[in-house]
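A short worksheet on the structure shown next.
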Amino acid sequence: MEVYRRETREIIWRFLRHRLTFPQCIELLDSALADVEPRLTADELPALNVLVLANNEMVMMEMERRGPDPFASSTHYKA
């Protein structure tokens, strides 16, 4: 569990410093979760859930801070 915590902290750090895009960040977080999940005990799952939610909140707060994606298809003019 501690390895997962350190790994996700590094992923989010890189994202916050614009070294990863949002899709890259999500992909790496999902991959780290998929790697750790099968090895955890039932007793560790609540702590994992708390950490996943905290990571998600940090990433979403950063995306909100950055504002809308100027290249998102929903922001383009449609004739």
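Since every read-out is calculated from the coordinates, none of them should be taken as a lab result. As the structure is a computational prediction, the values presented were derived from the model and not from experiment. Every residue, glycine as well, gets a Cβ built from its backbone with ideal geometry; the counts of neighbours run over all protein chains shown.
Annotations
- Test: E62 is out of contact with any helix residue (DSSP H, G or I) (no Cβ under 8 Å at 6 or more places or on another chain), among the charged types (D, E, K, R) and surrounded by 10 or more Cβ atoms within 10 Å (Cβ to Cβ): no
- When segment 1-39 is filtered for residues that are in a helix (DSSP H, G or I), among the hydrophobic types (A, V, I, L, M, F, W, C) and under 11 Å from the mean Cα position of the chain (by Cα), the ones remaining, listed by number, are I11, I12, W13, F15, L16, F22, C25, I26, L28, L29, A32, L33.
- Within segment 10-44, being surrounded by 13 or more Cβ atoms within 10 Å (Cβ to Cβ), of a type in the set (D, E, K, R) and free of Cβ contacts under 8 Å to residues at least 24 places away in the same chain holds for R14, E27, E37.
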